[in-house]
């Protein structure tokens with residue numbers, strides 16, 4: 001239970017950018033999960049099924065409430081957690097890049113955002129992502145690539161806009 | 001080679017899954033295209049930044065709420081899931097407060113006296129407003145009287161001036 005809650009909560013937090021919103025969305029996803037358990041196909045992976053349900057809920061909620069107008073949580077120690085080892089200059093640059101990635105996620109469409117979160121922030125394999133998004137492998141690879149290009153452009157734009 | 005096709009290969013290039021011949025073609029393109037070179041450099045920076053992105057443990061309060069869902073569903077099985085959503089909780093809390101307030105006014109004995117006091121204040125306020133309105137009316141009438149006096153005085157003054165100039 002805790003492991004599933006952790007996966008859903010982190011997906012919701014990375015997608016919405018708000019800790020409070022992520023807690024509410026996780027609760028709503030679990031409410032839906034208990035309601036839909038009777039429809040679970042035992043031939044399928046439970047994790048993939050749960051994450052598909054979570055992904056559908058998050059994208060629907062995003063379209064309904066237009067989170068893109070809201071700010072993401074500040075990129076603070078909680079968001080940036082994880083020691084940045086190595087040369088301090090490199091560590092600083094990496095932290096700045098992390099901050100830019102975090103703030104730029106809201107500029108991606110929900111499908112693109114979900115693809116880049118699953119692949120790059122969560123490190124899932126293309127096969128896992130294909131199962132979650134319920135798409136062919138080739139489509140997933142192409143979507144992840146387009147999402148990365150879009151993110152890189154937004155990040156560079158934000159970097160260029162800084163003094 | 002235009003830029004669209006090479007850019008489609010960037011992820012596979014960074015992940016090292018490109019066919020060697022395609023890889024060489026892409027590297028040839030990159031050598032002569034500063035735009036693609038810069039975009040690829042941006043992707044490399046993002047790649048390094050997102051490695052080891054932190055994951056968080058859900059708060060104990062959230063875990064408690066999640067664990068309570070099966071029990072709540074049994075207890076409130078007749079209620080559609082949509083009404084159990086956390087986003088509706090502030091609405092329900094507001095509605096409950098409003099109901100308590102309304103019942104306090106209409107049902108409790110102290111509520112009746114409160115209602116009477118409110119009615120009295122409304123009544124007094126209405127009377128005060130009427131008095132102000134009546135006073136305002138008399139002031140307007142008085143001002144009208146002053147206006148007539150001033151106009152007739154001015155006319156008389158004009159007549160006197162004219163008769164002096166004629167002399």
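Readers should treat all values here as calculations from the given coordinates under stated rules, not as data from a laboratory. Just so it is clear, the model here is predicted, and its values are computed rather than measured. For neighbour counting, all protein chains shown are included, and Cβ atoms are generated from backbone atoms with ideal geometry for every residue, glycine included.
Taking (1) more than 13 Å from chain B (Cβ to nearest Cβ); (2) within 16 Å of residue A:75 (Cα to Cα) in turn, residue A:133 satisfies each apart from (2). Filtering the range A:19-31 to residues that are in contact with a helix residue (DSSP H, G or I) (Cβ under 8 Å, 6 or more places away or on another chain) and more than 7 Å from chain B (Cβ to nearest Cβ) leaves A:19, A:21, A:22, A:25, A:29. For the condition touching a residue at least 12 places away in the same chain (Cβ under 8 Å) and under 13 Å from the mean Cα position of the chain (by Cα), residue A:131 does not qualify.
Would the range B:117-124 turn up any residue that is part of a helix (DSSP H, G or I), within 45 Å of the chain's Cα centre (by Cα) and within 30 Å of residue B:64 (Cα to Cα)?
Within the range B:117-124 (the criterion being part of a helix (DSSP H, G or I), within 45 Å of the chain's Cα centre (by Cα) and within 30 Å of residue B:64 (Cα to Cα)), the answer is no, since none of the residues qualifies.
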